[in-house]
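Input: a single structure, listed below in structure tokens.
What follows is calculated from the coordinates using simple rules that are stated; it is not laboratory data. Everything numeric here is computed off the predicted structure, so don't read it as measured data. As a convention, Cβ positions derive from the backbone with ideal geometry for all residues, glycine included, and neighbour counts pool all protein chains shown.
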Amino acid sequence: MPCKCSVSACRGNYDEANKVAVFSFPNDENLRAQWLRAIPRKDFKVTKNSKVCEKHFKDGEVLRLSTFYIEKTGETISAPMKRPKLKQNAVPSIFPGCPLYMSSSSTVRESPSKKRQRLEEQINLAVSESLDSKLEYDKKK
């Protein structure tokens, strides 16, 4: 029985006719955390059987050919892999069919002091531009 994709609303490997490659979650904690942030699924617990299918990775992130360079002859040989592999730091980023609220990232609220500083800078800029335009207007009179 093929492994199925853990991404919500994905039907990867549910249809026996359309098999797709699936990948286990990375062992590296930082990369695993990136995957969990990227996958639109709340309170998801990763198990040894949790997989993500190739539909959620960009084309260049899934490797299907192994390429070797022979120095003596200067030849480059490519051979298909038995099982596709992911590039080293690949993170799932394509989530078709998911509701928008699941795909959108949460916004980080600006702290009051930074907001105040930003507004003061905007006001100061507007005042200086206004004074400059008044000076130019007075010169034309």
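Residues that are assigned to a loop (DSSP other than H, G, I, E, B), among the aliphatic types (A, V, I, L, M) and in contact with a Lys or Arg (Cβ under 9 Å, 6 or more places away or on another chain) within region 32-74 comprise just one, 46.
Residues of region 16-31 that are part of a loop (DSSP other than H, G, I, E, B) and aliphatic (A, V, I, L, M): 17, 20, 21.
Restricting the first member to region 1-20 and to residues that are without any contact (Cβ under 8 Å) to a residue 40 or more places away in the chain, and the second to residues that are outside any loop (DSSP other than H, G, I, E, B) and of a type in the set (A, V, I, L, M, F, W, C), the beta-carbon pairs closer than 7 Å and six or more apart or on different chains are 20/53.
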